[in-house]
Amino acid sequence: MRWDERYAGEDYLFGTEPNAFLKSQAYRLEPGQRALAVADGEGRNGVFLAETGLAVTSIDASERGLAKARALAAARGVALDARLADVINWDWPQADFDVAVAIFIQFADPSMRAILFDRMQAALRPGGLLILQGYRPEQVDYGTGGPPQRENMYTRALLEEAFADLDILHLEEHDSEIFEGSGHGGRSALIDLVARRSSV
Ligand SMILES: C[S@@+](CC[C@H](N)C(=O)[O-])C[C@H]1O[C@@H](n2cnc3c(N)ncnc32)[C@H](O)[C@@H]1O
């Protein structure tokens, strides 16, 4: 698949450091919690969660990405349950995770996104957190990362509607400089979300 080709090199396309927004939210996490890293690619975010003391399941559709994620986890001396999975066909656990992390998963077009967002929410246990960062439509003009499909991008209204059943703790649109490997570099139109599944 296309991502295996993008991950073919020895270098890590988005680097080996975690996404800065995810890192900024680590204060909300506790060692021992169960985390799901959705479309985790070469594992930079899943490995960060594991280093933070969480038990991490990392899913991605790229064999090459998974192999590099496992290698990164081994190099850092942490456990990572990295599984080859297509987000649409995967047998998603229900109410199982304390946190679901979705960083730049905008391969999903609107119809796939509706399914994916529902499954991510359902995978959270009551009280569980969703941490998400994506691009806004303006990103397509910036051209500093992400796919060219404007309809795959997120707006505040889209995320508010998609996650209306969660308590939104943080939702911010901003333009920021990000440098993540050779894959993401420069001024980027971003949107950040942290939301909690209600505890009842
Ligand atoms: C932009 S990368 C982001 C990777 C990672 N979240 C990060 O921030 O470093 C998008 C990822 O989505 C994965 N992907 C694409 N389609 C997928 C699908 N249908 N199911 C699971 N993963 C998929 C790709 O393999 C790729 O690793």
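The values are calculated or read from the model by the stated rules, or taken from the named source; none is laboratory data. Please read all numbers here as calculations on a predicted model, not as lab measurements. Every residue, glycine as well, gets a Cβ built from its backbone with ideal geometry; the counts of neighbours run over all protein chains shown. Quick note on the areas: whole protein, heavy atoms, side chains included, nothing else; ligands and nucleic acids left out. Shrake-Rupley method; radii C 1.70, N 1.55, O 1.52, S 1.80 Å.
Annotations
- Residue that is surrounded by the most Cβ atoms within 10 Å (Cβ to Cβ), among those in the range 130-170 that are among the small types (Gly, Ala, Ser) and farther than 14 Å from ARG113 by Cα: GLY146
- Single condition LEU49 does not satisfy, out of (1) open to solvent by less than 10 Å² (accessible area, probe 1.4 Å); (2) within 20 Å of ASP4 (Cα to Cα); (3) more than 9 Å from the ligand (Cβ to nearest atom): (2)
- Candidate set from the range 89-109 (those that are under 16 Å from LEU159 (Cβ atoms) and in contact with a Leu (Cβ under 9 Å, 6 or more places away or on another chain)); member that is farthest from the ligand (Cβ to nearest atom): ALA100
- Filter result for the condition that a residue is within 13 Å of the ligand (Cβ to nearest atom), part of a helix (DSSP H, G or I) and not charged (D, E, K, R), over ALA69, ALA75: ALA69
- In summary, strands (runs of 3 or more DSSP E) completely within the range 104-200 and bearing 3 or more residues that are more than 22 Å from ASP40 (Cα to Cα) occur at 166-180.
- GLU10 assigned to a loop (DSSP other than H, G, I, E, B) and either within 13 Å of the ligand (Cβ to nearest atom) or within 19 Å of ASP192 (Cβ to Cβ) (or both): no
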